[in-house]
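This report refers to the structure that appears directly beneath it.
The values are calculated or read from the model by the stated rules, or taken from the named source; none is laboratory data. All figures in this text were calculated on a predicted structure; none of them were measured in a lab. Please note: Cβ atoms are built from the backbone with ideal geometry, for glycine as well, and neighbour counts cover all protein chains shown. Side chains are part of the model used for accessible areas, which takes the heavy atoms of the whole protein and leaves out ligands, DNA and RNA. Shrake-Rupley method; radii C 1.70, N 1.55, O 1.52, S 1.80 Å.
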Amino acid sequence: TDLAHIRNFSIVAHIDHGKSTLADRLIQSTNTVAERDMKAQMLDAMDIERERGITIKANSVRIEYIAKNGETYVLNLIDTPGHVDFAYEVSRSMQAVEGSLLVVDASQGVEAQTLANVYQALDADHEIVPVLNKIDLPAADPERVKENIEDVIGIDAQDAIPISAKSGLGIPDVLEAIVHRLPAPKGERDAPLKAMLVDSWYDPYLGVVVLIRVIDGVIKKGDQIKMMRTGAAYKIDKLAVLKPQMVDFPELGPGEIGVFTAQIKQVRDTKVGDTITHDKKPCAQALPGFKPSIPVVFCGLFPVDANDFEALRDAIEKLQLNDASFSSEMETSAALGFGFRCGFLGLLHLEVIRDRLEREYDLDLITTAPSVVYHLHMKDGTMQELHNPADMPDLTYVDHVQEPRIKATIMVPDEYLGDVLKLCQDRRGIQMDLTYAGTRAMVVYDLPLNEVVFDFYDRLKSVTKGYASFDYQMIGYREDNLVKMQILVNDEPVDALSMMVHRDRAETRGRAMCEKLKDLIPRHMFKIPIQAAIGGKVIARETLSALRKDVTAKCYGGDATRKKKLLEKQKAGKKKMRQFGKVEIPQEAFISALKMD
Ligand code: GTP
């Protein structure tokens with residue numbers, strides 16, 4: 001296809017504003033997929049995505065469209081994930097296209113993720129076409145939302161296209177706007193091959209599949225190619241386009257988007273943002289690199305049943321084939337046995353992975369308290385990263401501790417603003433900005449990430465009855481008075497419950513944790529002290545009183561079978577416990593204790 005007849009675009013939207021529904025309509029109305037093969041949300045490949053209604057992996061579709069001027073255009077849509085954790089994937093997909101449809105729910109207006117994503121599109125120099133969705137809803141107010149887009153984002157919205165992705169109203173206008181309002185790609189057919197590695201995933205039948213955007217030159221099946229960053233060379237086995245299922249294609253020229261396979265063993269061998277060129281006749285300069293995505297939230301994953309350790313290892317390896325942004329390392333815990341310390345891009349990423357492990361691999365897991373990465377500045381002048389609070393070295397070696405901070409943008413109807421400000425304040429936030437657009441407030445806070453990983457989303461949702469939207473980006477590290485709090489049960493530290501806390505909040509958190517554990521740990525034959533401590537100094541304490549009688553005592557020694565039965569019951573119960581010193585702690589105790597704020 002010649003450049004003038006190609007349009008590459010993405011759709012940016014806040015979660016639930018109708019991005020997937022619009023993508024489905026575009027695919028359907030151009031007969032890209034036969035009607036009988038059309039499933040709702042074509043682009044959300046994984047079940048879990050469908051279930052939760054979130055798009056995780058960037059994906060792509062090639063649409064052929066006969067415009068009103070009679071000419072046929074190739075429209076390549078690259079789907080981008082909508083959630084904050086995947087901001088990096090959004091930014092790289094944006095680099096591969098020239099324009100964006102900005103979908104805003106006409107009954108809602110601009111939300112925090114609309115803003116974050118549209119700024120990424122503007123950063124990538126996109127032409128932007130605003131689309132007002134859900135105009136079928138009685139609450140839709142297109143004129144107000146146009147103004148809202150202009151006020152908050154600062155782009156012209158007078159020509160925004162009113163649509164209902166649900167009913168199909170306005171879809172032809174969107175297709176025409178893609179052709180006439182978005183720019184065609186630029187590139188040189190005769191130049192050496194230069195293609196961008198946009199994404200890659202593992203397919204059980206084909207191995208690693210690589211999504212590329214050709215900038216210059218032509219790529220063909222059988223070509224010997226080289227990845228400029230890793231230096232690895234491969235032969236193209238299969239070249240295809242996504243419709244959205246793979247359809248073999250002889251060659252891809254400038255401006256085109258497609259996939260190839262080349263006997264690449266692991267997703268890890270493909271660096272997103274890398275430049276692909278011909279091995280023999282390479283292009284002069286690689287594309288500017290992308291920043292790699294680094295895990296920011298860590299937690300331990302342990303099998304409830306120690307016999308499932310190997311199964312967990314296998315499952316983690318399988319998931320990593322497809323998701324190089326999630327890291328894992330073996331970990332042992334005195335309380336929880338063998339497991340893995342895993343790193344994630346954010347909390348949602350953590351939840352998605354844990355869910356998949358439990359559901360697809362049928363594993364019961366204990367997740368330890370999520371922790372961010374701290375920077376320990378040691379007295380000897382070196383810096384160490386701390387991924388696990390249990391590894392915190394003795395304080396005499398540590399000069400100071402730095403924690404990651406984020407810039408959080410929250411949009412909320414003004415009646416809930418007070419509660420949001422209080423929540424942010426309680427989480428050690430520093431207010432940076434507060435503005436209004438109509439009856440909605442936009443507030444920007446500088447917050448410690450560790451205060452957000454616990455249950456910030458949930459609290460934010462509950463104090464605003466679901467009306468707030470939230471987005472964040474990392475802004476750097478800052479020193480604060482951070483200490484490791486240990487929990488001691490019967491005078492023994494339970495490493496899985498260790499956490500880093502701000503010194504000023506340690507007492508409150510310690511007391512709450514001890515109270516909770518007191519309710520969760522069953523009574524034993526002896527008294528059990530439950531304590532929270534900082535460096536040997538106890539800051540909170542509860543005592544679990546001893547059982548008065550043993551379980552068999554009420555049998556008066558007479559009925560031997562009944563006594564045996566009771567003992568057997570007790571034994572079965574024990575299996576679900578973790579022996580800890582002399583104390584047995586049930587699984588639920590860890591899970592519930594870690595859930596709290
Ligand atoms: P994520 O995949 O989570 O980012 O969400 P999304 O932006 O892709 O939204 P999705 O297409 O899943 O739509 C969200 C909800 O809005 C679904 O329940 C849709 O059925 C509904 N919806 C989408 N478009 C319209 C519309 O035009 N009118 C109405 N009434 N509902 C719509």
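For region 249-286, a tally of residues being closer than 21 Å to residue 8 by Cβ and either surrounded by 19 or more Cβ atoms within 10 Å (Cβ to Cβ) or at pLDDT 90 or above (or both) returns 20. Look at region 4-16: where a residue is without any contact (Cβ under 8 Å) to a residue 40 or more places away in the chain, no partner that is away from the ligand (no atom under 16 Å from the Cβ) sits 6+ places away or on another chain with Cβ atoms under 6 Å. Residues that are under 25 Å from residue 79 (Cα atoms) and crowded, with 19+ Cβ neighbours inside 10 Å within region 219-235 comprise 219, 227, listed in sequence order.
Residue 417 falls short on exactly one of the conditions (1) in a helix (DSSP H, G or I); (2) touching a His at 6+ places or on another chain (Cβ under 9 Å), and that condition is (2).
Yes/no per residue for (1) open to solvent by less than 40 Å² (accessible area, probe 1.4 Å); (2) at pLDDT below 85:
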| position | (1), (2) |
| --- | --- |
| 419 | no, no |
| 423 | yes, no |
| 431 | no, no |
| 439 | no, yes |
| 444 | yes, no |
| 457 | no, yes |
| 461 | no, yes |
| 469 | yes, yes |
| 475 | no, no |
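In region 350-367, of all residues being more than 12 Å from residue 299 (Cα to Cα) and within 15 Å of the chain's Cα centre (by Cα), the one that is surrounded by the most Cβ atoms within 10 Å (Cβ to Cβ) corresponds to 352. Of 74, 12, all but one fail to be buried (at least 16 other Cβ atoms within 10 Å of the Cβ), modelled with pLDDT of 60 or more and over 26 Å from the mean Cα position of the chain (by Cα); the exception is 74.
Based on this model, can you work out whether residue 179 counts as part of a helix (DSSP H, G or I), within 16 Å of the ligand (Cβ to nearest atom) and either of a type in the set (A, V, I, L, M, F, W, C) or open to solvent by less than 40 Å² (accessible area, probe 1.4 Å) (or both)?
Judged against the criteria, residue 179 is not a match.
Here is a yes/no grid of residues against (1) assigned to a strand (DSSP E or B); (2) open to solvent by less than 30 Å² (accessible area, probe 1.4 Å); (3) more than 30 Å from residue 326 (Cβ to Cβ); (4) within 13 Å of the ligand (Cβ to nearest atom):
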position	(1), (2), (3), (4)
94	no, yes, no, no
104	yes, yes, yes, yes
109	no, yes, yes, no
167	no, no, yes, yes
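For residues that are away from the ligand (no atom under 16 Å from the Cβ) and in a helix (DSSP H, G or I), tally how many sit in region 111-148. Qualifying residue count, region 111-148: 8. Only residues that are away from the ligand (no atom under 16 Å from the Cβ) and under 21 Å from residue 134 (Cβ atoms) were counted across region 150-165, and they come to 8. Looking across region 340-389, the residues that are over 28 Å from residue 402 (Cβ atoms) and in a strand (DSSP E or B) come down to 365, 366. Is it the case that some residue within region 503-521 is within 20 Å of residue 394 (Cβ to Cβ) and open to solvent by 10 Å² or more (accessible area, probe 1.4 Å)? Scanning region 503-521, I find at least one residue that is within 20 Å of residue 394 (Cβ to Cβ) and open to solvent by 10 Å² or more (accessible area, probe 1.4 Å), so the answer is yes. Looking at this structure, is residue 90 more than 22 Å from residue 412 (Cα to Cα), in a helix (DSSP H, G or I) and within 16 Å of the ligand (Cβ to nearest atom)? Judged against the criteria, residue 90 is a match. For region 292-319, a residue qualifies if it is surrounded by fewer than 18 Cβ atoms within 10 Å (Cβ to Cβ) and under 14 Å from the mean Cα position of the chain (by Cα), and exactly one does: 294. Counting only strands (runs of 3 or more DSSP E) wholly contained in region 224-268, the ones carrying 1 or more residues that are aromatic (Phe, Trp, Tyr) occupy 233-235, 257-261. Residues in region 294-329 that are in a strand (DSSP E or B) and within 26 Å of residue 403 (Cβ to Cβ): 297, 298, 299, 300, 301, 302, 327, 328, 329.
For residues that are within 10 Å of the ligand (Cβ to nearest atom), under 24 Å from residue 162 (Cβ atoms) and open to solvent by less than 20 Å² (accessible area, probe 1.4 Å), scanning just region 20-52, find the one that is modelled with the highest pLDDT. That would be 22.
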